[in-house]
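Encoded as structure tokens, the structure appears first; notes follow it.
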Amino acid sequence: MDDPLSTPAPTLSTEDAIIAAVSVFGIKADDARSLGSERDQAMMLFSGGEPQCVMKVSNLAQDPLLLDLESLAACHVASVDPSVPVAVPLKILGAEDMRGQWKHHDGKSYWIRCYPVMPGTQREYGDGPLSNGLLKAWAITSARCSKALRSFGHVAAFNKVTPWDAQRTLMMRPLLIYVPEERGLRSLCTDVMNFFESDVMPRLRLLRHQVVHGDFNMGNVLVQNEKISGVVDFGDMSFTSIATDIASMFCALGLSHVRVGGRIDGAPELLRMGRILLDGYQAITPLDEHEIAIIPDLWMARVCLEMVCFSWRTGTGLETQQRIDTWGPEQPLFEAQLRALWELGPKGRASGLLFASDFSGNAPGTVSDAPTAAMADRRNRSIGPGSEPLSYSDDPLWVSHASGCWITDTSGRKFLDCYNNVPCVGHAHPRVAVAIARQASKANVNMRYLHPLAITLAERLKSSLPADLDTVFFCNSGSEANDLAWRMATSVTKARGAMCTKHAYHGISEATIAFSPETAASCGHLPTHVERWAPPDAYRSTDLTDTAFRAALARLNSKGLNLAMVILDGVMQSDGIVQLEPEYVQKLVQLTHEAGGLWCADEVQGGHGRVGSHMWSFQKFGISPDFVTMGKPMGNGHPVACCITKRAIADQFVANEGVYFSTFGGNPVSCAAGHAVLDVLEDEAVLPRVLIAGDTLRQATRDAAAAAGLDCVGDVRGRGLATGIEIVTDGVTKDPNAELCSAIKNALKRRGVLVGTAGPHCNVLKVRPPLAFTAAEVPVFVDAFVGAVQDALAA
Ligand code: PMP
């Protein structure tokens, strides 16, 4: 144990203090009152009843280098961030030094420092819980102090070993014998130390370390009008993790929060306090996941240290009666805190700091290990059958986290994601995640205020499109974007008829479900104002001309409807990823315009580089649409979408219908995500990579299927990373085999690969991974695919 802790604190008399103040600092005083200190002697000096300074007489065992460390750190904080009200030591008479030596008549020399009197008062633990405002202010000041100390270094700090540092919990292990056996207290402290050794120690090296104040407790932080007016006493500084610094604050303030309204409240209030403190801290310094996860464990360790140290010092007579009188009554509050934190268990402690009700919906701080089936049942009870059913309903995927094109479930199993196109540049791409978080912590407002992010995003999108597509409407989903295109088309053309492909999907709103026969047809809701045409199927060599389109247009007209809009998904995702020829699409656009209609290129699936050769799938057809709609990949998972059109169309629409406003449309957070996606597409040269990955994937799949003699793999087609694998009963009849296709999809999941199914006969495997998928993942897919087909055939 360090010497100052086991050497009694100095006991200068009032007269001694008055003499020392004037001789070393030139401060005249006529009275001195003790402020109570554990290792040193702290006094407030008065003159004529007015406070003059705070004097600190250091423990004789104290290394003077450490005193300099404290003084220099306080000066450093004051100069880096003057908003932190730190007490900066006064200089001694006629010199720059901040400590002076005073020789007592007993022959001993004491190091003395004097500080200005800071405004405000110390709160008492008995004052009860702090207000939320004060908790936040406390944490904000702590975070600012640590931030200012980031650039501070001193050799004494690196060498300093302080037993209060929760990271050094095990140093106190030999002192456990002083902890009373009553109520199982010693064994509880022993359990905590054992847990620390096995579970906390290994994680310490992942934490950010620096010099920290280390003791934002009630004695060291002064409060005035619910604001922090002073930070004193850098005596517990050390070089440690910022998580440890935060944990010490939690421990100190926990004493006021463990007891609410006179009774021990325990975990719920402690965790609520912790969450508010973290809000304050993270307003200044965001913490990483390791730091947040370890804070409650370090908090518990610090409470344990407080108890062990007090037991030891009282047990060996080191504690003064004054401190025993002050701290003795607080021991039950430490004990209550320790029990509450321990009983939460590691998961409860960690989740309780993040959510008032954890993700399993249990009471604060308890985590359910509910089996997947039980969670699925809960989903059904509160979300019901109206929302899209779970994929793999026999064994649903419970996602824990994801990165690139890999998803990890809660059991730790990794799946190659060949299904999700929304996380376009890869799951949890740091560029996008940080862009969202940064903007969310700055401001998020609507389009009524001037903010450059929507404007610059609109400019970037426009610059990738034909020049006449010059007006951008931001919204939140692909459905809304298509809905708006439809409103504009009908408003401008004054016509009511629409056309889409036979098995298309374009959205969920009343207008867009009408041209989403993939969904609408299954319930028999095929509205009369929409005509559908079957796209050519090159695999079966059906009619590859525009005949079906012309016939659909004629049917529309025969109902007395004129054409307002034709909508086409350039990668034909819902129609089975059939491949369209440029001449064919060009012809359809021409026929549309001749019929007075407008063309909507739906890029919700095919945009943002999915086809590899172009940014937008319509570009590979060489056409010039009237509307381009974007969604899904635009924010890499963050909801953001848009409809881009020509100024003349927009003007006409506004004249007819009034302006368009969607609360979230164009908000800066969504636009930050939109920018980040475009940045990554450029920086990582994603498009050429997509071309190679897609071609490699299709060729390797064809080769492997042929080598394994898999006759049911009828056709492997696509462009970029939009691939369809058509499953048939055999290669001769080419009969669609939906059952086998579904069995292969499920077998692929069992083998660790996620895909979807699509097409009018549900017999096309939809292989549509995040664009983070590269040629390196191809063998993983192909091996699993061949195995899955064999599994499905054998079943
Ligand atoms: N268009 C296409 C081509 C789509 O695939 C989808 C969604 N699957 C939409 C529009 C609708 O987008 P959202 O679900 O964002 O409304």
(request) Between residue 383 and residue 647, with labels modelled 7 Å along Cα→Cβ, what's the label distance in nm to one decimal, could you check? (result) 4.5 nm
(message) Quick check for me: using +1 on Lys/Arg Cβ and -1 on Asp/Glu Cβ, what's the dipole size of the stretch 336-481 about its Cα centre, in debye to the nearest 20?
(response) 580 debye
(request) Indicate the gyration tensor shape class of the stretch 379-434 (rounded, prolate or oblate), computed on the Cα atoms with a ≥ b ≥ c the square roots of the eigenvalues: a/c under 1.5 is rounded; otherwise a/b larger than b/c is prolate and the rest oblate. (result) prolate
(request) Scan the stretch 557-633 for trypsin sites (Lys or Arg not before Pro) in coil per DSSP, keeping those whose Cβ has at most 16 other Cβ atoms within 10 Å, and list them by number. (result) 559
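About the Cα centre of the chain, what is the dipole size in debye to 20, counting +1 per Lys and Arg Cβ and -1 per Asp and Glu Cβ, all else neutral? Can you show the working numbers first?
Working: 71 positive and 86 negative charges, 211 e Å.
Charge dipole of the chain: 1020 debye, to the nearest 20.
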(message) Could you order the peptides 267-280, 479-492, 723-736 from most to least packed, using the average number of other C-beta atoms within 10 Å per residue?
(response) 479-492, 267-280, 723-736
(request) Rank 426, 477, 466 by how far each Cα sits towards the positive end of the charge dipole of the stretch 399-554 (+1 on Lys, Arg Cβ; -1 on Asp, Glu Cβ) and give me just the farthest. (result) 426
(message) Roughly how far apart, in whole Å, are the Cα centres of the stretch 20-65 and the stretch 429-502?
(response) 66 Å
(message) Could you sort the peptides 423-431, 661-669 by per-residue average Cβ neighbour count (10 Å cutoff), highest mean leading?
(response) 423-431, 661-669
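Net charge within 12 Å of residue 490 by Cβ-Cβ distance, Lys/Arg positive one each and Asp/Glu negative one each, not counting residue 490 itself?
With Lys, Arg at +1 and Asp, Glu at -1, the neighbours total +1.
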(request) Quick one: give the max-minus-min coordinate of the C-alpha atoms of the stretch 126-245 along each principal axis, largest first, in Å. (result) 43, 38, 23
(request) Report relative contact order for the chain in percent, whole number only (criteria: Cα-Cα under 8 Å, sequence separation at least 6). (result) 10 percent
(request) Provide the net charge surrounding residue 511, with neighbours chosen by a C-beta distance below 14 Å and charges set as Lys +1, Arg +1, Asp -1, Glu -1. (result) -3
(request) In whole Hz, with x marking every Gly and Pro, tabulate ³J(HN,Hα) for the stretch 32-44 from phi via Karplus 6.51 cos²θ - 1.76 cosθ + 1.60, θ = phi - 60°. (result) 8, 10, 5, 9, x, 8, 6, 10, 10, 10, 10, 9, 9
(request) Which order do the peptides 78-84, 383-389, 135-141, 294-300 take when ranked by the mean count of other beta-carbon atoms within 10 Å per residue, highest first? (result) 294-300, 135-141, 78-84, 383-389
(message) How high is the relative contact order of the stretch 586-685? Use alpha-carbon pairs under 8 Å, at least six apart in sequence, and give a whole percent.
(response) 22 percent
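Nothing charged except the Cβ atoms of Lys and Arg (+1) and of Asp and Glu (-1): what's the magnitude of the dipole of the stretch 213-313 about its Cα centre? Round to the nearest 20 debye.
Dipole size: approximately 380 debye.
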(message) Among 211, 624, 304, which residue has its Cα furthest toward the positive end of the charge dipole of the chain, with +1 on Lys/Arg Cβ and -1 on Asp/Glu Cβ?
(response) 624
(message) For the stretch 494-554, what does the relative contact order come out to in percent, with C-alpha contacts under 8 Å and a separation of six or more?
(response) 31 percent
(request) Report, in whole Å, the centroid distance computed from the Cα atoms of the stretch 129-144 and the stretch 614-654. (result) 47 Å
(message) Spelling out what I want: for every residue of the stretch 590-601, take phi, set θ = phi - 60°, compute 6.51 cos²θ - 1.76 cosθ + 1.60 (Karplus), and round to whole Hz; glycine and proline get x.
(response) 4, 4, 4, 5, 4, 7, x, x, 10, 9, 10, 8
(request) Taking only protein heavy atoms into account and a 1.4 Å probe, give the accessible area per residue of the chain in Å². (result) 41 Å²
(message) Report the Cα-based extents of the chain along its three principal axes, largest first, to the nearest Å.
(response) 113, 62, 46
(message) Taking the Cα centroid of the stretch 296-314 and of the stretch 377-412, what is the distance between the two, rounded to the nearest whole Å?
(response) 42 Å
(message) Output wanted: per-residue J couplings in Hz (rounded whole) for the stretch 657-666, from phi through Karplus 6.51 cos²θ - 1.76 cosθ + 1.60, θ = phi - 60°, x for Gly and Pro.
(response) 10, x, 6, 9, 9, 10, 2, 8, x, x
(message) Once neighbouring chains are kept in place and the probe is 1.4 Å, which whole percent of the accessible area of the chain is contributed by carbon and sulfur?
(response) 54 percent
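The values are calculated or read from the model by the stated rules, or taken from the named source; none is laboratory data. Predicted model, so just to flag it, every value in this text is computed and none were measured. Don't worry about glycine lacking a Cβ; one is built from the backbone with ideal geometry, like all the others, and counts go over all protein chains shown. Please note that ligands, DNA and RNA were not included when accessible areas were found on the heavy atoms of the full protein model with its side chains. Shrake-Rupley method; radii C 1.70, N 1.55, O 1.52, S 1.80 Å.
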